[in-house]
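The values are calculated or read from the model by the stated rules, or taken from the named source; none is laboratory data. Keep in mind that what you see is a predicted model, and the values were worked out from it rather than measured. Heads up, the Cβs are rebuilt from the backbone with ideal geometry, glycines too, and the neighbour counts pull from every protein chain shown. These area figures cover heavy atoms from the full protein model, side chains too; ligands, DNA and RNA do not enter into them. Shrake-Rupley method; radii C 1.70, N 1.55, O 1.52, S 1.80 Å.
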Amino acid sequence: DTAVSQTPKYLVTQMGNDKSIKCEQNLGHDTMYWYKQDSKKFLKIMFSYNNKELIINETVPNRFSPKSPDKAHLNLHINSLELGDSAVYFCASSQDLRGNSYGYTFGSGTRLTVV
Amino acid sequence: GENVEQHPSTLSVQEGDSAVIKCTYSDSASNYFPWYKQELGKGPQLIIDIRSNVGEKKDQRIAVTLNKTAKHFSLHITETQPEDSAVYFCAASKGGSYIPTFGRGTSLIVHP
């Protein structure tokens, strides 16, 4: 199936730990994103990569670091996790540079719970 | 920057009724307006989109209308079914180097 897949689907961890979320897309898209969805369902852009190059880095704590080994993969590493990092994180990809022509394809999300 | 307001935040209808979700945007340069459906436990899925050179677009039971003068666009779902229950997001973007701005979502509940 052509899709955006991210792992793990659920992640429960203690404060202060470091964790990673992986994302892969087989759609042949050049641009990938990380979005954070809070408890009220608000979707907030975090990062955008185009062909392995960071093009958008919104106001996100530097504890969050994206890594793109190739244009089909975009991973998110989080250091020193805090309670406020608890949210659902979505990976997405788009056919064009900003998703302005054909929209996004989202992964199914990773629910991160920090205890 | 762009500001997108979405209403209502919750919409409850009976199966077979129509549902309408409305969004307004602030930047007249916005020219692409996608709608996403997010089912429980899943990621948002693009269901329909409209560009600024079109006033209305239909796809089976869903339709989107755009009023550029008033800067608002709406999603219409006819003959609602329980499987239409989900959170719906509108978005607006002006192309180029700009990331789309999302509305805050509408939780649609269709009662059988």
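Just so you know, in region A:74-84 the residues that are over 10 Å from the mean Cα position of the chain (by Cα) and open to solvent by less than 10 Å² (accessible area, probe 1.4 Å) include one that is nearest to A:Y33 (Cα to Cα), and it is A:I78. Of all residue pairs spaced 6 or more apart or on separate chains, those with beta-carbon atoms under 9 Å, a first member in region A:51-67 that is within 14 Å of chain B (Cβ to nearest Cβ) and over 19 Å from A:N26 (Cα atoms) and a second member that is open to solvent by less than 40 Å² (accessible area, probe 1.4 Å) and assigned to a loop (DSSP other than H, G, I, E, B) are A:I55/A:R98; A:I56/A:R98; A:I56/B:I99; A:E58/B:I99.
Among the residues making up region A:25-68, those that are among the polar types (S, T, N, Q), within 26 Å of B:G105 (Cα to Cα) and within 14 Å of the chain's Cα centre (by Cα) are A:Q25, A:T31, A:Q37, A:S48, A:N57.
Just checking, how many residues over region A:85-115 are more than 14 Å from every other protein chain (Cβ to nearest Cβ), open to solvent by 40 Å² or more (accessible area, probe 1.4 Å) and not hydrophobic (A, V, I, L, M, F, W, C)?
Within region A:85-115, the first condition is being more than 14 Å from every other protein chain (Cβ to nearest Cβ), and the residues that meet it are A:85-86, A:112-115.
Checking the rest, the ones that are also open to solvent by 40 Å² or more (accessible area, probe 1.4 Å) come to A:86, A:113, A:115.
When the remaining residues are screened for being not hydrophobic (A, V, I, L, M, F, W, C), the result is A:86, A:113.
Looking only at that region, the number is 2.
A search for C-beta distances below 6 Å between a residue of region A:1-19 that is closer than 24 Å to A:S94 by Cα and at pLDDT below 95 and any residue that is of a type outside the set (V, I, T) and open to solvent by 40 Å² or more (accessible area, probe 1.4 Å), counting only pairs 6+ apart in sequence or on different chains, returns A:T2/A:N26; A:T2/A:L27. Restricting attention to region B:13-54, the residues being open to solvent by 70 Å² or more (accessible area, probe 1.4 Å) and either within 14 Å of chain A (Cβ to nearest Cβ) or not charged (D, E, K, R) (or both) number 8.
Being in a strand (DSSP E or B), at pLDDT 95 or above, in contact with a Gly (Cβ under 7 Å, 6 or more places away or on another chain) and not hydroxyl-bearing (S, T, Y) is a property that does not hold for B:L75. Could you check, for region B:66-77, whether at least one of its residues is aromatic (F, W, Y), within 12 Å of the chain's Cα centre (by Cα), buried (at least 20 other Cβ atoms within 10 Å of the Cβ) and at the interface with chain A (Cβ under 9 Å from one of its Cβ atoms)? Looking for residues that are aromatic (F, W, Y), within 12 Å of the chain's Cα centre (by Cα), buried (at least 20 other Cβ atoms within 10 Å of the Cβ) and at the interface with chain A (Cβ under 9 Å from one of its Cβ atoms), one finds none in region B:66-77, hence no.
Out of B:Q6, B:Q81, B:Q45, B:Q14, one residue alone is modelled with pLDDT of 95 or more and closer than 26 Å to A:I55 by Cβ. It is B:Q45.
What do you reckon, is B:D59 in contact with a strand residue (DSSP E or B) (Cβ under 7 Å, 6 or more places away or on another chain), more than 27 Å from A:M46 (Cα to Cα) and not hydrophobic (A, V, I, L, M, F, W, C)? Walk me through it before giving the result.
Details: in contact with a strand residue (DSSP E or B) (Cβ under 7 Å, 6 or more places away or on another chain): yes; more than 27 Å from A:M46 (Cα to Cα): yes; not hydrophobic (A, V, I, L, M, F, W, C): yes.
Considered against the rule, which asks whether it is in contact with a strand residue (DSSP E or B) (Cβ under 7 Å, 6 or more places away or on another chain), more than 27 Å from A:M46 (Cα to Cα) and not hydrophobic (A, V, I, L, M, F, W, C), B:D59 comes out as yes.
The numbered conditions (1) open to solvent by less than 60 Å² (accessible area, probe 1.4 Å); (2) out of contact with any His (no Cβ under 8 Å at 6 or more places or on another chain); (3) part of a strand (DSSP E or B); (4) closer than 17 Å to B:P8 by Cβ are all true for B:I109 except (1). When you look at B:I99, is it within 12 Å of chain A (Cβ to nearest Cβ), part of a loop (DSSP other than H, G, I, E, B), open to solvent by 10 Å² or more (accessible area, probe 1.4 Å) and among the aliphatic types (A, V, I, L, M), yes or no? Yes.
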